[in-house]
Amino acid sequence: MKRADFELDESLLLDLSGPGPRYTSYPTVPEWSEAFGSADAFAALERASSKPNEPLSLYVHLPFCGRMCLFCGCTVEITKRRDRVERYLDALDQEFELVARRLGQRRGLAQLHWGGGTPTHLDVGQIERVFDMITRRFKLLDGAEVSLEAHPHVTTHEQIDVLRRLGFNRISMGVQDLDPHVQKVIHRDQTTEETVDLVAYSRKVGFEGVNLDLLYGLPEQNDRTFGSTLDTIAEIKPDRLAVYGYAHVPWHKEAQRSLEQYRMPTPPERARLFGLALEKLGLAGYEVIGLDHFALRTDALYLAIERGLLHRNFMGYTTAPASEMIALGMSSISDVGDAFFQNARTTAEYEERIAKGELPVVRGMVRSAEDDLRRAVIQDVMCRMKLDLDELEARFGRKDLATHFASEWKELERYQQLGFCTLGPRRLDVTPKGRLFLRHLAMVFDAYLKNKPKSGEERFSRTV
């Protein structure tokens, strides 16, 4: 895609840059209920056990970091104490046991991912301990995607060697921006050399895929600094890239307030930064997967989108053929047994509930039939880049979807005029430009969003 394809007038950019969900779930987290608790989660896991031969995805949240990055929107705990990490791992081991018992014989994993925090904040012994927790209860299936997030500044070659020996085959590294001034402002302390070295070493020992994360819209960023970062990234040539818009949510993440003393790019400037990413990454051979994800044509994500096999869950875009995901650790979110549920968002509450023999669930919901229908629509738009009502009716055993979605079809006409999609009587196709605005297209089908009054506090990140 060329940068010219992204040129829009400023008033429209401002209109399109409102808050919106990323749709790693539907219904989205704000719609879930705090009345959903441990007993409801146990019931969902037991429902999932009735399909013993279907593969699962597994996410493990390891929340620890040695230093707070000021831009960070993740759920983290800052510590350098090994005993603090060990106490958390004790609770995590107990949660694994509680979950595995309820899943019965359903133990095959098509996808495993460690997120954080910084999983490589753990030392080698702790890494091996967590992996043992998993393999004592679950089996990694042939061809499973086994991945983790890593910070190049704190990750050693020894850790990479151990991770590869254990079976990890994909790694994602946070880069954000390589400009020294921007890094200083956001408290990111990694050099270009550290990133280059860790990518090269990971490939040397056999990691099949490397992803790098970048952020645009950070304080003090401009075309020159971000353009230089993009040029360096193109030389490193990761298999995949995620180029996220920085979400400034100081009402949710207190540390971000200290960034407000610096100059923040305006929405049109943010759009130009992303346009620069489109231009430079396109010239470097990357294809837009959807939203803010890019991949080389040789990468599995690109091949999956071409074959209609792309999936989306709380870990983002994936090729793993698992329809349900269990997640362990503080703040983690499961999607299993027709339900969503989230764990406690502090390690103290998480550990306290686990000690009582409970699942540390603080909110969730069981989906309705209408929820699942709209969820499938949003998945098709965001993963298959199309929506075919004939296919959808066959899948759900219905014959009324053209009528059911008549108002949505009318609303989509605006996006067709903007060049984001093409519409037929019973089919929507996302255009190449529309891949950048998938959130806008998906929001059309969000029944909860339509019925929610606007408030002064944004519940979601900005879409541009």
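The values are calculated or read from the model by the stated rules, or taken from the named source; none is laboratory data. Because the structure is predicted, anything quoted here is derived from the model rather than measured. Quick reminder, even Gly has a Cβ in these numbers, built from the backbone with ideal geometry, and neighbours come from all protein chains shown. All accessible areas refer to the heavy atoms of the entire protein, side chains included, with ligands and DNA or RNA removed. Shrake-Rupley method; radii C 1.70, N 1.55, O 1.52, S 1.80 Å.
Once the 1.4 Å probe is applied to the protein heavy atoms, segment 147-221 comes out at 36 Å² accessible per residue. If you look at the Cα atoms of the chain, you get an Rg and a Dmax of 21.6, 61 Å.
Note that segment 63-72 has calculated 3J(HN,Hα) couplings of x, 8, 9, x, 8, 8, 7, 5, 7, 5 Hz, one per residue in order, obtained from phi through the Karplus relation 6.51 cos²θ - 1.76 cosθ + 1.60 (θ = phi - 60°); glycine and proline are x. In plain terms, the bigger the Kirkwood radius, the slower the diffusion; for segment 263-362, with that radius from Cα pairs, at 20 °C and 1.002 mPa s, Stokes-Einstein puts D at 128 µm²/s. The magnitude of the dipole of segment 303-375, with charges of +1 and -1 set on the Cβ of Lys/Arg and Asp/Glu and taken from the Cα centre, is near 140 debye. Protection proxy ranking for 300-311, 108-119, using the average of other Cβ atoms within 10 Å per residue and placing the highest first: 108-119, 300-311. Working from Cα pairs under 8 Å separated by at least six residues, relative contact order for segment 120-253 is 24 percent. Scattering from the C-alpha atoms of segment 27-92 alone, worked out with Debye: what is log10 I(q)/I(0) at q = 0.20 1/Å? Once normalised to I(0) and log-transformed, intensities are -1.06. Distance from the alpha carbon centroid of segment 288-362 to that of segment 21-43 works out to 13 angstrom. Taking 8 Å as the Cα distance limit and 6 or more residues as the minimum spacing, I'd like the relative contact order of segment 291-389 as a percentage. The value is 21 percent. In order along segment 239-244, the Karplus-derived 3J(HN,Hα) couplings, from 6.51 cos²θ - 1.76 cosθ + 1.60 at θ = phi - 60°, round to 5, 9, 9, 10, 10, 8 Hz, and Gly and Pro are given as x. The peptide list 359-368, 413-422, put in order of mean Cβ contacts within 10 Å with the highest first, becomes 359-368, 413-422.
The accessible surface of the chain, taken with every protein chain in place and a 1.4 Å probe, is 50 percent carbon and sulfur. Placing a label point 7 Å from the Cα of residue 261 along the Cα-to-Cβ line, the residues of segment 61-79 whose backbone N sits under 16 Å from it are 70-71.
If you average 1/r over all unlike Cα pairs in segment 121-244 and invert the result, what Kirkwood radius do you get in angstrom?
By the Kirkwood definition, the hydrodynamic radius is 15.5 Å.
Taking the helices alone, the chain has a mean residue ellipticity at 222 nm of -11500 deg cm²/dmol, built from -39,500 (n - 2.57) per DSSP H run of at least 4 residues and averaged over all its residues.
Each residue of segment 247-252 is assigned a 3J(HN,Hα), and the resulting list reads 9, 8, 10, x, 5, 10 Hz, derived from the Karplus form 6.51 cos²θ - 1.76 cosθ + 1.60 (θ = phi - 60°), x at Gly and Pro. Relative contact order, whole percent, for the chain stands at 23, derived from Cα pairs under 8 Å and 6 or more residues apart. Surface listing: 399, 204, 139 arranged by accessible area from highest to lowest gives 399, 204, 139, probe 1.4 Å.
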